[in-house]
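Data block below; observations after.
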Amino acid sequence: MTSFSELGLSEPILRAISAENYSTPTPIQAQAVPHLIQGRDLLGVAQTGTGKTAAFALPILHRLSENRTRPMPQGARVLVLTPTRELAIQIGESFATYGRNLPLTRTVIFGGVGQNPQVQSMARGVDILVATPGRLLDLIGQGFIKLDRLEVFVLDEADRMLDMGFIHDVRRVIKVLPAKRHTLFFSATMPPEIAKLADKILTDPVRVEVTPVSSTAERIEQRVMFVEKADKRPLLGEVLKRPDIGRALVFTRTKHGANRVVEQLGQIAVRAEAIHGNKSQTARQRALENFRSGEIRVLVATDIAARGIDIDGITHVINYDLPNVPESYVHRIGRTARAGTSGIAISFCDSEERAYLKDIEKLIKVRIPVVEDHPWHSLGGVVQADPDARPPLQDRRPQRHGRPPQGRQDQGRQDQTRQAHGQGQGRPAQAQQGRPPQGNPSRRRSGR
Ligand code: AMP
(Lines give C-alpha, C1' and ligand atoms only; values in the text may rest on other atoms or scores of the structure.)
Protein backbone atom coordinates (compact mmCIF):
# COMPACT_ATOMS: atom_id res chain seq x y z
CA MET A 1 0.00 0.00 0.00
CA THR A 2 1.29 3.46 -0.88
CA SER A 3 2.07 5.92 1.88
CA PHE A 4 2.25 9.69 1.52
CA SER A 5 6.02 9.66 1.94
CA GLU A 6 6.32 7.43 -1.15
CA LEU A 7 4.49 9.91 -3.34
CA GLY A 8 7.46 12.25 -3.61
CA LEU A 9 5.98 15.20 -1.72
CA SER A 10 8.25 17.64 0.10
CA GLU A 11 8.73 17.57 3.85
CA PRO A 12 6.65 20.69 4.77
CA ILE A 13 3.70 19.19 2.90
CA LEU A 14 4.11 15.78 4.54
CA ARG A 15 4.12 17.53 7.91
CA ALA A 16 0.84 19.27 7.09
CA ILE A 17 -0.74 15.98 6.00
CA SER A 18 0.39 14.35 9.18
CA ALA A 19 -1.11 17.18 11.23
CA GLU A 20 -4.42 16.42 9.47
CA ASN A 21 -4.08 12.81 10.62
CA TYR A 22 -4.28 11.43 7.10
CA SER A 23 -2.48 8.13 7.29
CA THR A 24 -2.91 6.79 3.75
CA PRO A 25 -3.53 8.43 0.39
CA THR A 26 -6.97 7.78 -1.09
CA PRO A 27 -6.92 5.90 -4.43
CA ILE A 28 -7.13 9.06 -6.51
CA GLN A 29 -4.29 10.62 -4.51
CA ALA A 30 -2.08 7.56 -4.86
CA GLN A 31 -2.69 7.44 -8.61
CA ALA A 32 -2.60 11.13 -9.48
CA VAL A 33 0.03 12.74 -7.25
CA PRO A 34 3.18 11.12 -8.72
CA HIS A 35 2.15 12.14 -12.28
CA LEU A 36 1.20 15.65 -11.23
CA ILE A 37 4.51 16.15 -9.49
CA GLN A 38 6.10 15.34 -12.85
CA GLY A 39 3.97 18.03 -14.49
CA ARG A 40 1.70 15.74 -16.53
CA ASP A 41 -1.79 16.89 -17.54
CA LEU A 42 -4.54 14.93 -15.82
CA LEU A 43 -8.06 13.83 -16.57
CA GLY A 44 -9.61 12.83 -13.25
CA VAL A 45 -12.97 11.10 -13.31
CA ALA A 46 -13.92 11.43 -9.69
CA GLN A 47 -16.47 13.04 -7.49
CA THR A 48 -16.31 14.98 -4.25
CA GLY A 49 -15.62 12.74 -1.27
CA THR A 50 -12.83 10.79 -2.99
CA GLY A 51 -10.08 13.09 -1.71
CA LYS A 52 -9.68 14.76 -5.08
CA THR A 53 -8.95 18.21 -3.65
CA ALA A 54 -5.79 16.98 -1.96
CA ALA A 55 -5.01 14.94 -5.10
CA PHE A 56 -4.48 18.19 -6.99
CA ALA A 57 -3.62 20.61 -4.16
CA LEU A 58 -0.68 18.61 -2.77
CA PRO A 59 1.33 18.28 -6.01
CA ILE A 60 0.50 21.86 -7.00
CA LEU A 61 1.85 23.13 -3.68
CA HIS A 62 4.88 20.93 -4.12
CA ARG A 63 5.68 22.32 -7.57
CA LEU A 64 5.06 25.94 -6.58
CA SER A 65 7.40 25.68 -3.63
CA GLU A 66 10.10 23.90 -5.62
CA ASN A 67 10.03 26.60 -8.23
CA ARG A 68 9.74 29.90 -6.36
CA THR A 69 8.91 32.87 -8.53
CA ARG A 70 6.88 35.89 -7.62
CA PRO A 71 3.40 36.13 -9.09
CA MET A 72 2.89 39.15 -11.37
CA PRO A 73 0.76 42.03 -10.01
CA GLN A 74 -2.91 41.11 -10.61
CA GLY A 75 -1.75 37.72 -11.76
CA ALA A 76 -1.85 34.17 -10.39
CA ARG A 77 0.42 31.18 -10.85
CA VAL A 78 -2.43 28.71 -10.31
CA LEU A 79 -6.11 29.05 -11.13
CA VAL A 80 -8.68 26.59 -9.76
CA LEU A 81 -12.04 27.14 -11.42
CA THR A 82 -14.97 25.60 -9.54
CA PRO A 83 -18.75 25.99 -9.97
CA THR A 84 -19.95 27.11 -6.54
CA ARG A 85 -18.99 29.54 -3.85
CA GLU A 86 -19.05 26.75 -1.23
CA LEU A 87 -16.63 24.63 -3.21
CA ALA A 88 -14.41 27.64 -3.84
CA ILE A 89 -14.21 28.37 -0.12
CA GLN A 90 -13.54 24.72 0.72
CA ILE A 91 -10.80 24.42 -1.87
CA GLY A 92 -9.22 27.66 -0.63
CA GLU A 93 -9.24 26.23 2.90
CA SER A 94 -7.67 22.99 1.70
CA PHE A 95 -4.80 24.91 0.09
CA ALA A 96 -4.39 26.83 3.35
CA THR A 97 -4.33 23.59 5.37
CA TYR A 98 -1.95 21.62 3.17
CA GLY A 99 0.22 24.67 2.48
CA ARG A 100 0.39 25.83 6.11
CA ASN A 101 4.19 25.32 6.22
CA LEU A 102 4.83 27.09 2.93
CA PRO A 103 5.06 30.85 2.30
CA LEU A 104 2.55 30.86 -0.57
CA THR A 105 -0.23 33.39 -1.09
CA ARG A 106 -3.78 32.65 -2.17
CA THR A 107 -7.22 34.17 -2.51
CA VAL A 108 -10.76 33.06 -3.27
CA ILE A 109 -13.09 34.93 -5.61
CA PHE A 110 -16.83 34.39 -6.07
CA GLY A 111 -19.97 36.37 -6.84
CA GLY A 112 -22.74 37.61 -4.57
CA VAL A 113 -20.43 39.77 -2.42
CA GLY A 114 -18.74 43.12 -2.94
CA GLN A 115 -15.81 43.02 -5.34
CA ASN A 116 -13.48 45.53 -3.68
CA PRO A 117 -11.80 43.23 -1.15
CA GLN A 118 -11.29 40.72 -3.97
CA VAL A 119 -9.78 43.36 -6.25
CA GLN A 120 -7.44 44.40 -3.44
CA SER A 121 -6.43 40.83 -2.71
CA MET A 122 -5.36 40.48 -6.34
CA ALA A 123 -3.49 43.77 -6.59
CA ARG A 124 -0.06 42.29 -5.87
CA GLY A 125 -0.86 38.95 -7.46
CA VAL A 126 -1.21 35.59 -5.68
CA ASP A 127 0.28 32.15 -6.03
CA ILE A 128 -3.09 30.40 -5.92
CA LEU A 129 -6.40 31.80 -7.09
CA VAL A 130 -9.60 29.82 -6.53
CA ALA A 131 -12.60 31.26 -8.36
CA THR A 132 -16.08 30.74 -9.73
CA PRO A 133 -16.39 31.60 -13.43
CA GLY A 134 -18.82 34.55 -13.45
CA ARG A 135 -17.04 36.87 -11.01
CA LEU A 136 -13.66 35.89 -12.39
CA LEU A 137 -14.67 36.95 -15.92
CA ASP A 138 -16.14 40.10 -14.51
CA LEU A 139 -12.87 41.08 -12.80
CA ILE A 140 -10.81 40.06 -15.82
CA GLY A 141 -13.12 42.23 -17.97
CA GLN A 142 -12.55 45.20 -15.65
CA GLY A 143 -8.79 44.72 -15.88
CA PHE A 144 -8.30 43.69 -12.23
CA ILE A 145 -7.04 40.18 -12.96
CA LYS A 146 -4.54 39.07 -15.60
CA LEU A 147 -3.97 35.42 -16.27
CA ASP A 148 -1.53 35.55 -19.17
CA ARG A 149 1.32 34.24 -17.00
CA LEU A 150 -0.65 31.37 -15.45
CA GLU A 151 1.29 28.14 -14.88
CA VAL A 152 -1.40 25.69 -13.72
CA PHE A 153 -5.09 25.53 -14.54
CA VAL A 154 -7.46 23.23 -12.63
CA LEU A 155 -10.99 22.80 -13.91
CA ASP A 156 -13.02 21.26 -11.09
CA GLU A 157 -16.45 19.59 -11.42
CA ALA A 158 -16.64 20.20 -15.17
CA ASP A 159 -19.92 18.30 -15.57
CA ARG A 160 -21.53 20.45 -12.91
CA MET A 161 -20.36 23.57 -14.73
CA LEU A 162 -22.32 22.25 -17.71
CA ASP A 163 -25.41 21.45 -15.61
CA MET A 164 -25.36 24.88 -14.02
CA GLY A 165 -25.05 26.66 -17.36
CA PHE A 166 -21.49 27.91 -16.77
CA ILE A 167 -19.81 26.08 -19.59
CA HIS A 168 -19.66 29.13 -21.90
CA ASP A 169 -18.07 31.16 -19.12
CA VAL A 170 -15.55 28.37 -18.63
CA ARG A 171 -14.67 28.47 -22.34
CA ARG A 172 -14.24 32.24 -22.15
CA VAL A 173 -11.88 31.89 -19.20
CA ILE A 174 -9.85 29.25 -21.04
CA LYS A 175 -9.45 31.65 -23.96
CA VAL A 176 -7.51 34.14 -21.83
CA LEU A 177 -5.11 31.52 -20.41
CA PRO A 178 -1.69 30.98 -21.95
CA ALA A 179 -1.56 27.96 -24.27
CA LYS A 180 1.54 26.62 -22.54
CA ARG A 181 0.38 25.55 -19.11
CA HIS A 182 -0.20 22.54 -16.92
CA THR A 183 -3.90 21.51 -17.01
CA LEU A 184 -5.89 19.31 -14.62
CA PHE A 185 -9.46 18.45 -15.47
CA PHE A 186 -11.90 16.88 -13.00
CA SER A 187 -15.41 15.65 -13.65
CA ALA A 188 -17.61 13.07 -11.93
CA THR A 189 -19.19 12.05 -15.24
CA MET A 190 -18.15 12.41 -18.85
CA PRO A 191 -21.06 13.55 -21.01
CA PRO A 192 -19.99 14.09 -24.67
CA GLU A 193 -19.69 17.86 -24.37
CA ILE A 194 -17.38 17.52 -21.39
CA ALA A 195 -15.30 14.80 -23.04
CA LYS A 196 -14.88 17.10 -26.06
CA LEU A 197 -13.76 20.00 -23.88
CA ALA A 198 -11.30 17.76 -22.03
CA ASP A 199 -9.89 16.55 -25.31
CA LYS A 200 -9.42 20.12 -26.48
CA ILE A 201 -7.66 21.55 -23.46
CA LEU A 202 -5.53 18.63 -22.23
CA THR A 203 -2.22 17.54 -23.71
CA ASP A 204 -1.36 13.85 -23.43
CA PRO A 205 -3.15 13.53 -20.08
CA VAL A 206 -2.92 10.73 -17.55
CA ARG A 207 -6.42 9.43 -16.97
CA VAL A 208 -7.33 8.52 -13.41
CA GLU A 209 -10.74 7.15 -12.69
CA VAL A 210 -11.99 6.21 -9.29
CA THR A 211 -14.94 3.84 -9.27
CA PRO A 212 -18.18 5.60 -8.60
CA VAL A 213 -18.91 4.79 -5.00
CA SER A 214 -22.39 3.45 -5.69
CA SER A 215 -21.08 0.36 -7.47
CA THR A 216 -18.79 -0.86 -4.71
CA ALA A 217 -21.73 -1.73 -2.48
CA GLU A 218 -22.91 -4.53 -4.72
CA ARG A 219 -20.73 -7.33 -3.36
CA ILE A 220 -21.68 -6.73 0.24
CA GLU A 221 -24.60 -8.29 2.04
CA GLN A 222 -26.43 -5.43 3.66
CA ARG A 223 -29.10 -5.33 6.33
CA VAL A 224 -30.80 -2.70 8.40
CA MET A 225 -32.28 -3.02 11.88
CA PHE A 226 -34.82 -0.45 13.00
CA VAL A 227 -34.20 0.24 16.64
CA GLU A 228 -34.75 2.92 19.26
CA LYS A 229 -31.69 5.06 19.94
CA ALA A 230 -31.56 3.88 23.54
CA ASP A 231 -31.61 0.23 22.43
CA LYS A 232 -28.60 0.52 20.14
CA ARG A 233 -26.14 -0.04 22.92
CA PRO A 234 -27.48 -3.41 24.19
CA LEU A 235 -28.23 -4.46 20.61
CA LEU A 236 -24.60 -3.92 19.64
CA GLY A 237 -23.47 -6.11 22.51
CA GLU A 238 -25.87 -8.81 21.38
CA VAL A 239 -24.94 -8.60 17.71
CA LEU A 240 -21.25 -8.83 18.57
CA LYS A 241 -21.84 -12.17 20.26
CA ARG A 242 -22.49 -13.75 16.88
CA PRO A 243 -19.97 -16.47 16.29
CA ASP A 244 -19.58 -15.55 12.62
CA ILE A 245 -18.14 -12.14 13.48
CA GLY A 246 -14.42 -12.40 12.93
CA ARG A 247 -13.42 -8.77 12.81
CA ALA A 248 -15.98 -6.02 13.18
CA LEU A 249 -15.55 -2.37 12.34
CA VAL A 250 -18.17 -0.27 14.14
CA PHE A 251 -18.92 3.25 12.91
CA THR A 252 -20.19 6.15 14.94
CA ARG A 253 -20.89 9.66 13.71
CA THR A 254 -18.86 11.44 16.36
CA LYS A 255 -15.58 11.04 18.23
CA HIS A 256 -17.39 11.10 21.57
CA GLY A 257 -19.79 8.47 20.28
CA ALA A 258 -16.83 6.24 19.40
CA ASN A 259 -15.32 6.61 22.89
CA ARG A 260 -18.68 5.89 24.51
CA VAL A 261 -19.20 2.72 22.50
CA VAL A 262 -15.73 1.44 23.46
CA GLU A 263 -16.48 2.13 27.11
CA GLN A 264 -19.87 0.42 26.98
CA LEU A 265 -18.43 -2.63 25.25
CA GLY A 266 -15.78 -2.77 27.96
CA GLN A 267 -18.56 -3.08 30.54
CA ILE A 268 -19.78 -6.27 28.88
CA ALA A 269 -16.22 -7.59 28.49
CA VAL A 270 -15.90 -6.95 24.78
CA ARG A 271 -12.48 -5.47 24.16
CA ALA A 272 -12.55 -2.71 21.62
CA GLU A 273 -10.50 0.36 20.72
CA ALA A 274 -11.43 3.60 19.01
CA ILE A 275 -9.72 5.53 16.25
CA HIS A 276 -10.69 9.11 15.51
CA GLY A 277 -9.19 12.53 14.93
CA ASN A 278 -8.64 13.28 18.63
CA LYS A 279 -6.40 10.27 19.11
CA SER A 280 -2.68 10.69 18.59
CA GLN A 281 -1.10 9.08 15.56
CA THR A 282 0.61 6.56 17.87
CA ALA A 283 -2.65 5.59 19.57
CA ARG A 284 -4.37 5.16 16.21
CA GLN A 285 -1.51 3.10 14.87
CA ARG A 286 -1.55 0.90 17.97
CA ALA A 287 -5.31 0.35 17.75
CA LEU A 288 -5.01 -0.60 14.08
CA GLU A 289 -2.17 -2.97 14.83
CA ASN A 290 -4.16 -4.67 17.61
CA PHE A 291 -7.09 -5.01 15.27
CA ARG A 292 -4.93 -6.34 12.46
CA SER A 293 -3.23 -8.89 14.71
CA GLY A 294 -6.53 -10.09 16.17
CA GLU A 295 -5.70 -8.82 19.66
CA ILE A 296 -9.00 -6.96 19.55
CA ARG A 297 -11.97 -8.11 17.49
CA VAL A 298 -13.78 -4.78 17.42
CA LEU A 299 -12.56 -1.41 16.20
CA VAL A 300 -14.77 1.64 16.59
CA ALA A 301 -14.16 4.47 14.12
CA THR A 302 -15.45 7.73 12.73
CA ASP A 303 -15.67 8.29 8.98
CA ILE A 304 -12.60 10.40 8.48
CA ALA A 305 -10.41 8.25 10.72
CA ALA A 306 -11.45 5.13 8.85
CA ARG A 307 -10.52 6.44 5.42
CA GLY A 308 -7.06 5.00 5.53
CA ILE A 309 -8.01 1.65 7.00
CA ASP A 310 -6.98 -1.15 4.72
CA ILE A 311 -7.25 -4.32 6.74
CA ASP A 312 -8.17 -7.66 5.25
CA GLY A 313 -10.59 -9.98 6.94
CA ILE A 314 -13.09 -7.45 8.26
CA THR A 315 -16.16 -9.69 8.25
CA HIS A 316 -18.66 -7.13 9.50
CA VAL A 317 -19.16 -3.42 9.28
CA ILE A 318 -21.69 -2.20 11.81
CA ASN A 319 -23.17 1.24 11.43
CA TYR A 320 -24.00 2.09 15.01
CA ASP A 321 -25.04 5.49 13.66
CA LEU A 322 -26.01 6.02 10.06
CA PRO A 323 -23.90 8.64 8.31
CA ASN A 324 -25.61 11.83 7.21
CA VAL A 325 -23.56 11.86 3.99
CA PRO A 326 -24.74 8.88 1.92
CA GLU A 327 -21.36 8.42 0.20
CA SER A 328 -19.84 7.75 3.62
CA TYR A 329 -22.07 4.68 3.93
CA VAL A 330 -20.49 3.24 0.82
CA HIS A 331 -16.98 4.06 2.04
CA ARG A 332 -17.78 2.46 5.37
CA ILE A 333 -19.18 -0.80 4.07
CA GLY A 334 -16.38 -0.98 1.49
CA ARG A 335 -14.01 -1.76 4.39
CA THR A 336 -15.38 -5.29 4.37
CA ALA A 337 -15.51 -7.64 1.36
CA ARG A 338 -12.07 -6.62 0.22
CA ALA A 339 -10.08 -8.58 -2.30
CA GLY A 340 -13.09 -10.55 -3.48
CA THR A 341 -14.12 -11.89 -0.07
CA SER A 342 -17.69 -11.51 1.11
CA GLY A 343 -18.74 -9.18 3.85
CA ILE A 344 -21.76 -8.17 5.85
CA ALA A 345 -22.89 -4.67 6.73
CA ILE A 346 -25.46 -4.17 9.47
CA SER A 347 -26.94 -0.73 10.06
CA PHE A 348 -28.83 0.36 13.15
CA CYS A 349 -31.41 2.94 12.18
CA ASP A 350 -33.36 4.93 14.77
CA SER A 351 -36.38 7.07 14.02
CA GLU A 352 -34.27 10.19 13.52
CA GLU A 353 -32.08 8.45 10.98
CA ARG A 354 -34.76 7.29 8.56
CA ALA A 355 -34.11 10.16 6.17
CA TYR A 356 -30.41 9.22 6.06
CA LEU A 357 -31.37 5.66 5.17
CA LYS A 358 -33.57 6.90 2.34
CA ASP A 359 -30.69 8.99 0.94
CA ILE A 360 -28.35 6.01 1.15
CA GLU A 361 -30.78 3.72 -0.65
CA LYS A 362 -31.23 6.33 -3.35
CA LEU A 363 -27.49 6.51 -3.88
CA ILE A 364 -26.82 2.77 -3.96
CA LYS A 365 -30.08 2.08 -5.80
CA VAL A 366 -30.79 -0.84 -3.49
CA ARG A 367 -33.46 -1.31 -0.89
CA ILE A 368 -31.56 -2.64 2.11
CA PRO A 369 -33.38 -5.67 3.58
CA VAL A 370 -34.54 -5.30 7.13
CA VAL A 371 -33.84 -7.77 9.93
CA GLU A 372 -37.03 -7.85 11.93
CA ASP A 373 -36.56 -11.07 13.81
CA HIS A 374 -33.47 -11.42 15.85
CA PRO A 375 -32.66 -13.36 19.02
CA TRP A 376 -32.45 -9.93 20.58
CA HIS A 377 -36.24 -10.09 21.08
CA SER A 378 -35.92 -13.00 23.38
CA LEU A 379 -33.67 -10.93 25.60
CA GLY A 380 -36.32 -8.30 25.99
CA GLY A 381 -35.07 -6.04 23.27
CA VAL A 382 -37.20 -4.40 20.68
CA VAL A 383 -36.33 -4.25 17.05
CA GLN A 384 -38.93 -2.29 15.22
CA ALA A 385 -40.69 -3.46 12.11
CA ASP A 386 -39.99 -1.70 8.87
CA PRO A 387 -42.13 1.42 8.66
CA ASP A 388 -42.29 1.08 4.87
CA ALA A 389 -42.90 -2.66 4.89
CA ARG A 390 -39.80 -3.60 2.97
CA PRO A 391 -38.97 -7.27 2.45
CA PRO A 392 -37.89 -8.80 5.74
CA LEU A 393 -34.71 -10.83 6.00
CA GLN A 394 -34.43 -13.38 8.77
CA ASP A 395 -31.43 -13.39 10.96
CA ARG A 396 -28.87 -16.05 10.05
CA ARG A 397 -27.72 -16.92 13.52
CA PRO A 398 -28.45 -20.49 14.60
CA GLN A 399 -31.88 -20.56 16.09
CA ARG A 400 -32.18 -20.53 19.86
CA HIS A 401 -35.69 -19.43 20.72
CA GLY A 402 -37.68 -19.77 17.55
CA ARG A 403 -41.07 -20.55 16.29
CA PRO A 404 -41.52 -23.70 14.21
CA PRO A 405 -40.60 -23.38 10.53
CA GLN A 406 -43.30 -21.89 8.37
CA GLY A 407 -42.71 -23.82 5.17
CA ARG A 408 -41.73 -22.86 1.67
CA GLN A 409 -44.78 -20.94 0.67
CA ASP A 410 -43.88 -17.97 2.77
CA GLN A 411 -40.32 -17.98 1.61
CA GLY A 412 -41.35 -18.03 -2.04
CA ARG A 413 -43.22 -14.82 -1.43
CA GLN A 414 -40.25 -13.26 0.31
CA ASP A 415 -37.87 -14.13 -2.47
CA GLN A 416 -40.21 -12.63 -5.00
CA THR A 417 -40.40 -9.43 -3.06
CA ARG A 418 -36.66 -9.34 -2.75
CA GLN A 419 -36.22 -9.83 -6.44
CA ALA A 420 -38.70 -7.10 -7.13
CA HIS A 421 -36.28 -4.86 -5.28
CA GLY A 422 -33.35 -6.17 -7.26
CA GLN A 423 -31.90 -8.12 -4.35
CA GLY A 424 -32.72 -11.70 -5.23
CA GLN A 425 -29.25 -12.32 -6.58
CA GLY A 426 -26.20 -13.08 -4.57
CA ARG A 427 -27.93 -13.72 -1.25
CA PRO A 428 -26.10 -16.21 0.88
CA ALA A 429 -27.63 -19.65 0.71
CA GLN A 430 -28.83 -19.66 4.30
CA ALA A 431 -30.65 -16.38 4.00
CA GLN A 432 -32.61 -17.72 1.04
CA GLN A 433 -33.54 -21.00 2.61
CA GLY A 434 -36.61 -20.03 4.51
CA ARG A 435 -35.24 -19.73 8.00
CA PRO A 436 -37.99 -19.50 10.53
CA PRO A 437 -38.51 -16.16 12.16
CA GLN A 438 -36.91 -16.01 15.57
CA GLY A 439 -37.76 -14.48 18.85
CA ASN A 440 -41.06 -13.51 20.30
CA PRO A 441 -43.03 -11.44 17.82
CA SER A 442 -45.44 -10.22 20.45
CA ARG A 443 -42.58 -8.13 21.81
CA ARG A 444 -42.04 -6.56 18.45
CA ARG A 445 -43.41 -3.11 18.05
CA SER A 446 -45.05 -2.37 14.78
CA GLY A 447 -43.73 0.47 12.68
CA ARG A 448 -44.88 3.97 13.17
P1 AMP B 1 -12.69 15.77 -1.23
O2 AMP B 1 -13.08 14.62 -2.12
O3 AMP B 1 -11.50 16.45 -1.74
O4 AMP B 1 -13.85 16.69 -1.02
O5 AMP B 1 -12.27 15.20 0.21
C6 AMP B 1 -13.19 14.61 1.08
C7 AMP B 1 -12.73 14.61 2.54
O8 AMP B 1 -11.70 13.66 2.74
C9 AMP B 1 -12.16 15.92 3.04
O10 AMP B 1 -12.81 16.20 4.25
C11 AMP B 1 -10.69 15.67 3.28
O12 AMP B 1 -10.26 16.39 4.39
C13 AMP B 1 -10.64 14.20 3.54
N14 AMP B 1 -9.42 13.54 3.06
C15 AMP B 1 -8.80 13.76 1.90
N16 AMP B 1 -7.74 12.95 1.76
C17 AMP B 1 -7.69 12.18 2.86
C18 AMP B 1 -6.82 11.12 3.30
N19 AMP B 1 -5.80 10.69 2.56
N20 AMP B 1 -7.06 10.56 4.49
C21 AMP B 1 -8.11 10.98 5.24
N22 AMP B 1 -8.97 11.94 4.88
C23 AMP B 1 -8.77 12.55 3.70
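Which of the peptides 39-51, 149-161, 272-284 is most tightly packed, and how do the rest follow, judged by the mean count of other Cβ atoms within 10 Å per residue?
Packing proxy ranking, top to bottom: 149-161, 39-51, 272-284.
If I stretch the segment between Lys362 and His35 completely, what's the gain in nm (0.36 nm per residue apart, minus their alpha carbon distance), one decimal?
Using 0.36 nm per residue and subtracting the Cα-Cα distance, I get 114.2 nm.
Kindly state, to the nearest 0.05, the FRET efficiency for Thr24 paired with Asn259, given R0 = 30 Å and r defined as their beta-carbon distance.
The formula returns an efficiency of 0.85 here.
If r is the Cβ-Cβ distance from Thr203 to Glu352 and R0 is 56 Å, what FRET efficiency results, to the nearest 0.05?
0.65
Once you order the gyration tensor axes a ≥ b ≥ c over the Cα atoms, which shape class does the stretch 4-209 get: rounded for a/c under 1.5, otherwise prolate or oblate by comparing a/b with b/c?
It comes out oblate by the Cα gyration axes.
Between Ile109, Val154, Phe144, whose Cα lies farthest towards the positive end of the dipole of the stretch 104-169 when Lys and Arg beta carbons carry +1 and Asp and Glu beta carbons carry -1, centred on the Cα centre?
Of the options given, the answer is Phe144.
Count the net charge of all other residues whose Cβ sits under 12 Å from the Cβ of Ala355, scoring Lys and Arg as +1 and Asp and Glu as -1.
Computed value for this residue: -2.
Could you check the simple spin-label distance between Thr2 and Arg271, using points 7 Å along Cα→Cβ, in nm with one decimal?
3.6 nm
In a shell of Cβ-Cβ distance under 11 Å around Lys229, excluding Lys229 itself, what net charge do Lys and Arg (+1) and Asp and Glu (-1) give?
-4
Protein chains only, probe 1.4 Å: how do Lys255, Lys52, Lys241, Lys200 rank by accessible area, largest first?
Lys200, Lys241, Lys255, Lys52
Determine the sum of side-chain charges near Asn101: Lys and Arg each +1, Asp and Glu each -1, restricted to other residues whose C-beta is under 15 angstrom from that of Asn101.
Net local charge, Asn101 excluded: 0.
When ranked by the protection proxy of mean other Cβ atoms within 10 Å per residue, highest first, what sequence do the peptides 128-140, 178-190 form?
128-140, 178-190
Checking the cross-link filter: which lysines have an alpha carbon closer than 16 Å to that of Lys279, excluding same-chain neighbours under 8 positions apart?
Filter leaves Lys255.
The values are calculated or read from the model by the stated rules, or taken from the named source; none is laboratory data. Keep in mind that this is a model prediction, so the values were computed, not measured. Positions of Cβ are generated from backbone atoms using ideal geometry, with glycine treated the same way; all protein chains shown enter the neighbour counts. Heavy atoms of the whole protein, side chains included, go into the accessibility calculation; ligands, DNA and RNA do not. Shrake-Rupley method; radii C 1.70, N 1.55, O 1.52, S 1.80 Å.
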